[in-house]
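Here's the structure we're looking at; comments come further down.
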Amino acid sequence: MRMIRLVVTLVVAALLSLTPQFSRPLHAQSGCCKTRSAASAAWVMRPDLDFAACRELNKQKDGNDNLFEPAGLVWWDGGCR
């Protein structure tokens, strides 16, 4: 009986280790967030901001401009150049 329980536990553990982890998004957004203090200032990469945080900062600072265009004060650089 103990042997069967051990085998079942090992099989369940092995199966769980093979399942994908769903706590993270399956497709990561590529690129990086860049900000600047004024329209004439240089862009500064912000590795501390993920896509959602960058989008929120863009809403706050630039309204509803296109996050993917290098205009305004916040920009999501898809190529992270």
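The values are calculated or read from the model by the stated rules, or taken from the named source; none is laboratory data. For clarity, every value in this text was computed on a predicted model and none was experimentally measured. Note that we place each Cβ from the backbone using ideal geometry, even for glycine, and neighbour counts take in every protein chain shown.
Quick look at the values:
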| quantity | calculated |
| --- | --- |
| The lone exception for L18 - which of (1) surrounded by 12 or more Cβ atoms within 10 Å (Cβ to Cβ); (2) modelled with pLDDT under 70 it fails | (1) |
| The range 52-67: number of residues that are among the basic types (K, R) and either under 13 Å from K34 (Cα atoms) or not in a helix (DSSP H, G or I) (or both) | 2 |
| Selection from the range 38-52 of residues that are out of contact with any strand residue (DSSP E or B) (no Cβ under 7 Å at 6 or more places or on another chain) and under 17 Å from C80 (Cα atoms) | A42, D48, D50, A52 |
